[in-house]
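Notes follow once the structure below has been shown.
The values are calculated or read from the model by the stated rules, or taken from the named source; none is laboratory data. Note that this is a predicted model, so its numbers are computed, not measured. The protein model used for the area step is the full one, side chains on, heavy atoms only, and it has no ligands, DNA or RNA in it. Shrake-Rupley method; radii C 1.70, N 1.55, O 1.52, S 1.80 Å.
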Amino acid sequence: TGPGVRYPIDWIYTRRDLPVEVIAEFETWRKIRDWQGGEGWVHQSMVSLRRMVVVTGSQRRLRADPDEKAPTLAFVDPNVTGRLLGCPHDKPYCRIEFENFQGWMKRDEFWGVYEKEYIE
């Protein structure tokens with residue numbers, strides 16, 4: 001509940017690689033927010049720089065190219081996490097890796113990237 005070990009523990013993450021947003025910092029502590037709006041403080045050693053995403057809404061298509069008409073490589077269920085590989089500035093799609101599949105998904109179909117954020 002606060003930036004240190006003297007504060008009570010509110011909840012514990014038990015699932016690896018969930019994407020979080022760092023919303024505040026105090027010394028070696030980071031206040032994070034998850035995709036469901038939950039907030040809390042964690043030690044900086046518990047936060048990775050690897051960018052992850054979580055699929056939101058309904059089942060989504062992972063496409064071969066950043067285009068609505070591109071072939072579907074896989075269907076990805078809600079709440080599945082993946083690794084964010086990039087989001088070009090000229091496309092509404094981001095490149096994501098789910099297990100052994102790499103492909104493209106619209107940025108409004110997952111949580112883990114800001115609306116106007118571009119990652120090359």
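Results, tabulated for the structure shown:
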| quantity | calculated |
| --- | --- |
| Gaussian network model of the chain, Cα within-10 Å springs - most flexible of W104, W29, W11 | W11 |
| Computed over the chain: relative contact order in percent, which uses C-alpha pairs under 8 Å that are six or more apart | 21 |
| Top of T72, T14, T28 by mean-square fluctuation, Gaussian network on the chain, Cα under 10 Å | T14 |
| Where F101, F110 fall by accessible area, highest first, once all protein chains stay in place (1.4 Å) | F101, F110 |
| Stokes-Einstein D for segment 1-60, Kirkwood Rh over Cα pairs, 37 °C, 0.692 mPa s (µm²/s) | 262 |
| For the chain: accessible area per residue (Å², 1.4 Å) | 67 |
| Per-selection Rg to Rh, the chain - Cα, Kirkwood hydrodynamic radius | 1.03 |
| Relative contact order, percent, segment 53-120 [alpha-carbon distance under 8 Å, six or more residues apart] | 35 |
| C-alpha center-to-center spacing [segment 1-67, segment 69-120] in angstrom | 18 |
| Evaluated over segment 60-120, the Cα radius of gyration and Dmax, each in Å | 10.4, 27 |
